Amino acid sequence: MSLVLITHEPALIALNVYLNGQFYPVLTKYQGSYALAKYVNQSEHDSRKVYMLEGSEYWAFDFYTKQNTKRIASKELRSGDLLLIDAKSLEEFNRPYEVLKTENDYRITRLNLKFLTSKTRAQKLSKMYLLRIR
């Protein structure tokens, strides 16, 4: 007896094209690090002067600014430096700063039904900030 494998390659290819061409590009507007990278790229701010706190993993920012953003300790920040930070880390941040830009944030690689449903999406969003250290 032989085993016949039925493949659904055309359907999988179509799904992949849809997800990468339509679905995920729409979701990027909910990824704060992507939106902030776009802002930095289109502004007068030097992306080489933007930092993240040690342990921060906002890879979309690195990808869309085409650089590896330096991760540093809070005490190493100097007046005028820019800092990419999420809402949770900002609660513990104890340096004087000015908010330059705020964006909604959601890890689009971890989708769930509450996020995908427009009526409950706001419950799942947090904030991400670009700060100027004073």
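Are any residues in region 79-134 of a type in the set (S, T, N, Q) and either touching a Cys at 6+ places or on another chain (Cβ under 9 Å) or over 22 Å from Lys38 (Cβ atoms) (or both), and if so, which ones?
If the condition is that a residue be of a type in the set (S, T, N, Q) and either touching a Cys at 6+ places or on another chain (Cβ under 9 Å) or over 22 Å from Lys38 (Cβ atoms) (or both), then Ser79, Asn94, Asn112, Thr117, Ser118, Thr120, Gln123 are the ones that fit.
Give the number of residues within region 113-134 that are in a loop (DSSP other than H, G, I, E, B) and more than 17 Å from the chain's Cα centre (by Cα).
5
Scan region 90-118 for residues that are within 30 Å of Arg132 (Cα to Cα) and among the polar types (S, T, N, Q) and jot them down.
Asn94, Thr102, Asn104, Thr109
Pull out all pairs, ordered by first then second residue, where Cβ-Cβ is under 9 Å, the residues are six or more apart or on different chains, the first lies in region 97-109 and is at negative phi, and the second is open to solvent by 70 Å² or more (accessible area, probe 1.4 Å) and of a type outside the set (Lys, Arg).
Sorted first by the residue in region 97-109, then by its partner, the pairs are Asn104/Ala122; Ile108/Tyr24.
For region 97-112: of the residues being modelled with pLDDT of 95 or more and over 16 Å from the mean Cα position of the chain (by Cα), which is nearest to Asn20 (Cα to Cα)?
Looking at residues that are modelled with pLDDT of 95 or more and over 16 Å from the mean Cα position of the chain (by Cα), I get Leu100.
Has region 55-68 got at least one residue that is at positive phi, without any contact (Cβ under 8 Å) to a residue 40 or more places away in the chain and loosely packed, with under 13 Cβ neighbours inside 10 Å?
yes
Run Ser33 past the list (1) open to solvent by 40 Å² or more (accessible area, probe 1.4 Å); (2) touching a strand residue (DSSP E or B) at 6+ places or on another chain (Cβ under 9 Å) and report the number of the one that doesn't hold.
Failing condition for Ser33: (1).
Scan region 38-47 and give yes if some residue there is assigned to a helix (DSSP H, G or I) and loosely packed, with under 11 Cβ neighbours inside 10 Å, otherwise no.
For region 38-47, residues assigned to a helix (DSSP H, G or I) and loosely packed, with under 11 Cβ neighbours inside 10 Å: present.
The values are calculated or read from the model by the stated rules, or taken from the named source; none is laboratory data. From a predicted model like this one, the values you see are computed outputs, not experimental measurements. Cβ: placed from backbone, ideal geometry, glycine included. Neighbour counts: every protein chain shown. We work out accessible area using only protein heavy atoms, side chains counted, and drop any ligands, DNA or RNA first. Shrake-Rupley method; radii C 1.70, N 1.55, O 1.52, S 1.80 Å.
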